[in-house]
1. Which of the aspartates and glutamates could a cross-linker span from Lys17 if the Cα-Cα distance has to be under 18 Å and same-chain partners fewer than 8 positions apart are dropped?
2. Explain nothing, just compute: Karplus ³J(HN,Hα) = 6.51 cos²θ - 1.76 cosθ + 1.60, θ = phi - 60°, for every residue of region 181-195 in order, whole Hz, x for Gly and Pro.
3. Only four residue types carry charge here, +1 at the Cβ of Lys and Arg and -1 at the Cβ of Asp and Glu. Report the dipole size of region 3-96 about the Cα centre in Debye, rounded to the nearest 20.
4. Running Debye on region 1-102 with equal point scatterers at the Cα sites and no solvent, what base-10 log of I(q)/I(0) appears at q = 0.17, 0.23 Å⁻¹?
5. Viscosity 0.890 mPa s, temperature 25 °C: what is the translational diffusion coefficient of region 216-272 from Stokes-Einstein with a Kirkwood Rh over Cα pairs, rounded to a whole number of µm²/s?
6. Can you tell me which lysines have their Cα less than 30 Å from the Cα of Lys301? Leave out same-chain residues fewer than eight positions away.
7. What is the Cα convex hull volume of the chain when expressed per residue in Å³?
8. Each residue of region 135-145 in order: what ³J(HN,Hα) in whole Hz does its phi give by Karplus 6.51 cos²θ - 1.76 cosθ + 1.60, θ = phi - 60°, with x for Gly and Pro?
Amino acid sequence: MEFSVNQIAMMLGGEVKGNGNEKIKMLAKIQDAKQGQIAFLSNPKYEQYIYTTQATAVIVKKDFIARKEINATLILVDDPYISFTRLLEEYHKLVSFQKTGIEQPSFIDNTASTGKDIYRGAFSYIGSNARIGDNVKIYPHTYVGDNVVIGNNTILHPGVKIYAGTKIGNNCVIHSGAVIGSDGFGFAPQEDGSYKTIPQLGNVTIEDNVAIGGNTVIDCATLFGDSTIIRQGVKLDNLIQVAHNVEIGKNTVIAAQSGISGSTKIGENCLMAGQVGIAGHITIANNTHLGAQSGVSKSIKEEGLRLMGYPAFEFGSYFKSYAVFKKLPDINHRLRELEDKMQTSRNGSGSTE
């Protein structure tokens with residue numbers, strides 16, 4: 001794949017300063033870039049590299065003023081970071097969606113339907129009445145169960161398992177090892193101490209523009225007609241557990257090793273760092289930020305809070321408390337010394353007859 005600097009500038013709405021006919025084949029960091037590659041300069045501390053880079057072109061801010069001679073062609077934009085991110089997205093699309101056709105052996109039920117420009121990798125399986133949209137890429141060893149619906153331009157990477165009845169929207173990416181629609185953790189305790197399995201009959205609904213990381217598991221809802229719902233724009237990292245009947249609001253981002261218990265509702269535009277644990281049957285308000293390893297056991301009703309710790313509480317208070325917590329051994333030692341001195345003082349001031 002090869003594009004001219006002019007073509008890239010047109011896509012980004014930028015202005016070319018230099019030779020717009022030069023060809024670009026790859027994206028790279030400004031300090032490592034070679035001929036035929038394009039980089040960007042956003043952080044001022046990397047400015048030194050723009051004078052030595054071997055990149056063919058560099059994306060810079062419109063008001064950038066060079067202090068030395070620059071060999072690379074410049075593309076002037078409003079925000080270099082956003083522009084380079086857009087370029088990465090477009091490059092990713094070209095790479096990810098170039099595969100088409102059907103590899104053998106693979107299986108598709110005769111009642112299933114697929115759209116245009118589909119790719120089905122070797123050893124993939126598509127069940128009865130599944131409906132697959134246009135330009136969907138299903139990589140090898142992927143399982144798509146009965147009555148699954150998948151929208152256009154969605155990618156299922158190798159080894160993804162999509163259980164029956166799952167609905168997936170457009171422009172989604174699901175990475176290797178993810179399991180969508182498995183049974184929720186439903187077991188009823190019996191008088192003899194054993195547990196009886198509660199059938200899980202609902203499904204999972206994933207809206208448009210969702211990304212799901214490797215080995216993440218999303219359980220189906222318990223009752224028929226109900227759904228575990230991942231709203232549009234949600235980004236889930238690797239190794240996340242989403243339990244039955246959970247709803248995650250749009251554009252919420254959750255980092256690795258976090259877990260959300262059943263029937264909890266997460267609001268929109270929330271941010272959860274790594275290893276966050278959320279109890280079941282609670283609600284988390286919009287724009288909530290939870291620091292790493294936070295634990296939430298009660299509903300968060302006020303929007304925009306930044307919380308940390310277990311149980312999670314406000315960032316500022318957490319760090320003030322932590323500053324005291326670190327000093328507890330020393331405080332305890334000093335307290336014991338003070339007690340000893342007071343005891344000695346009492347003993348020394350006692351009278352004898």
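No value in this document is a laboratory result; all are computed from the given coordinates. These figures come from a predicted structure and were not determined experimentally. All Cβ positions, even for glycine, are placed from backbone atoms using ideal geometry, and neighbour counts span all protein chains on display.
1. Straight-distance partners of Lys17: Glu47, Asp63, Glu69, Asp78, Asp79.
2. Those phi angles translate into x, 5, 4, x, 7, x, 9, 9, x, 9, 4, 7, x, 7, 10 Hz.
3. Working: 12 positive and 10 negative charges, 39 e Å.
Dipole size: approximately 180 debye.
4. Listed by q, the Debye log ratios stand at -0.69, -1.25.
5. Numbers: Rh = 11.1 Å.
For these conditions, the coefficient is 221 µm²/s.
6. Lys167, Lys235, Lys250, Lys265, Lys320
7. Working: hull volume 86.3 nm³, N = 353.
Convex hull of Cα atoms, per residue: 245 Å³.
8. 6, 7, 10, 10, 7, x, 6, 9, 10, 10, x
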